[in-house]
1. Defining a contact as two alpha carbons under 8 Å apart and six or more residues distant in sequence, what relative contact order in percent does the range 434-516 show?
2. Output ³J(HN,Hα) for the range 168-183: one whole-Hz value per residue in order, computed from phi by the Karplus curve 6.51 cos²θ - 1.76 cosθ + 1.60 with θ = phi - 60°, and x for Gly and Pro.
3. List the residues whose amide H sits under 5 Å from the amide H of L362, counting only those 5 or more places along or on another chain, with H placed 1.01 Å from N in the peptide plane.
4. Based on the alpha-carbon gyration tensor of the range 196-317 and its eigenvalue square roots a ≥ b ≥ c, which shape applies: rounded if a/c is under 1.5, prolate if not and a/b is larger than b/c, or oblate?
5. What do you get for trypsin sites (Lys or Arg not before Pro) in the range 148-240 restricted to DSSP loop and a cutoff of at most 14 other Cβ within 10 Å of the site's Cβ?
6. Using 5 Å bins from zero, what percent of all Cα-Cα pairs in the range 307-384 falls into each bin?
7. Among K260/K456; K248/K456; K260/K461; K62/K155, which pairs are too far apart, with a Cα-Cα distance over 31 Å?
8. Could you name the aspartates and glutamates whose alpha carbon sits less than 13 Å from that of K79, not counting residues in the same chain fewer than 8 places away?
Amino acid sequence: MSESQRSSATASVGRGDGYINGVVSIRSAATISAVDEFCYALGGKRPIHSILIANNGMAAVKFMRSVRTWAYETFGTEKAILLVAMATPEDMRINAEHIRIADKFVEVPGGTNNNNYANVQLIVELAEITHVDAVWPGWGHASEIPELPDALDAKGIIFLGPPATSMAALGDKIGSSLIAQAAEVPTLPWSGSHVKIPPESCLVTIPDDIYREACVYTTEEAIASCQVVGYPAMIKASWGGGGKGIRKVHNDDEVRALFKQVQGEVPGSPIFIMKVASQSRHLEVQLLCDQYGNVAALHSRDCSVQRRHQKIIEEGPITVAPLETVKKLEQAARRLAKSVNYVGAATVEYLYSMESGEYYFLELNPRLQVEHPVTEWIAEINLPAAQVAVGMGIPLWQIPEIRRFYGMEYGGGYDAWRKTSALATPFDFDKAQSTRPKGHCVAVRVTSEDPDDGFKPTSGKVQELSFKSKPNVWAYFSVKSGGGIHEFSDSQFGHVFAFGESRAIAIANMVLGLKEIQIRGEIRTNVDYTIDLLHASDYRENKIHTGWLDSRIAMRVRAERPPWYLSVVGGALFKASASSAAVMMTKKNHCFSAILLGCLIIFLNSISKIHSFKMDVSIKDPR
């Protein structure tokens, strides 16, 4: 951060310290004492009284609301933990929701996220300036940069996420695949299938020479690897994500054409090759790990509805695979996390073949996922609150919601911690059986993308945004009426969740919920388009796969794009009809207009059968 930026940030904290839109935020000594008592009574090491949210938009809003809910249930006041937001000029201009609901905010430089939410040096300096106890990274931005937890640890500030070593090991797609193989988690054929990590090696530090064996560095090496794993294959950047640094190839020529593109999208990233699992499902397991080696698998999710590798609809629990397979997915995920001493929330992703019933490790996301509320609904666990508890050093077996999840005595929830903390005893997470998922949950991401224009992101003012909650439908948004979406915003500005006793009921509740959303403004959204997806028979019958939506979009584009001559000739005929109707008012000329209109209708009905034709159309304006 430059000296001018540092001065600006420091001055901003001075102006905004302790204020919520001009109202002083007061936390009583009794509340502070209660947080201390909670931490130590449940076996924690260090209380957390204040948190800097190093994120914006959906992530920041969801975290603040979850922590406020937990704080009220646990301490009797939603303000027990001080929440500090970061605010760019663009966020402030649109009256971003996360700024409005924070206890205080600090102004940061605008522009792309390397100036603010992904700037490690800036985040660490702001954490020091604001004197917070912890930093929550959210998802995206700096959430997967190993330098951030290391830099915060050096300053004595808690990072609400994994250690840098675990993040670096599992956040890297090549490294995580090698670790998965060592942990006996199945992987697809890939350029590193032949590479084995020596048993005596520490999994969090893979030797460079072993790591390099799994990579491809030239187009020729990529072609050779694709020929070994078999086409179709994926060229993937290890540091890629969100649809960047990934290309599907079907032959050697496509590798030659696309290899450089992958390198260019994620500069400096190692590249690897992986076999494509056609007609597969994208399945996930939510993990929560403490500082003592305990790992909880909190049910599962299915995120197979994707557009260009971006999730559109998520749901849980998994219904496409047998229960025994789901248990194997959970146990494999737990082995993987334990092998690198993981701490915090994580998601292990798999590809699942509906034909063979086999599953393959895809990657581990070393952070909380956007779709984590699906798990919160079916597992009845507040995940951001659990992250705070783990950050305090509280073991999983002491967290009331985790005890309830495993069928242990929990005393009624967080509000009963004083009575139950002394009575709780450790249990073996390897042997403990979790309770069954509570019903089914479907989630839909609401984005400012225009489905009629190739899902192009849009931005601008939002005059009105209203949503009517129902007993089984809940949503949250990063904007409000009168706000907006700026050019640096993520396209997702809302997330809707619907619950039901079964998958069919959850889908029906989601459709009804989406129809209640009213959005008026300068942006376009995917709401109506997603309702159509939920009505699709393939989706309702659970016959989807990761390529289903892209195939559907491709077929729609071909079907709706008329031949060029339809537009030219049809437009000419319509112009002739309109002109004659406007200026020729006699009965005779009305007949002429009708003839022209009839010709237009006949033409449009039959033109698709004509391959070539000659036609001259001329219009003389009698005026």
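1. 39 percent
2. With the stated coefficients, the range 168-183 comes to 5, 6, 9, x, 8, 5, 5, x, 5, 5, 5, 5, 4, 4, 5, 8 Hz.
3. Result for L362 returns E349, Y350, L351.
4. It comes out oblate by the Cα gyration axes.
5. Sites meeting the loop and neighbour criteria: K155, K196.
6. 3, 12, 21, 27, 23, 11, 2, 0
7. Exceeds cut-off: K260/K461.
8. In chain and number order, the partners are D103.
Values quoted throughout were computed directly from the atomic coordinates according to the rules given, and no laboratory measurement underlies them. Bear in mind that the values here come from a model prediction, so they are computed numbers and not experimental data. Note that we place each Cβ from the backbone using ideal geometry, even for glycine, and neighbour counts take in every protein chain shown.
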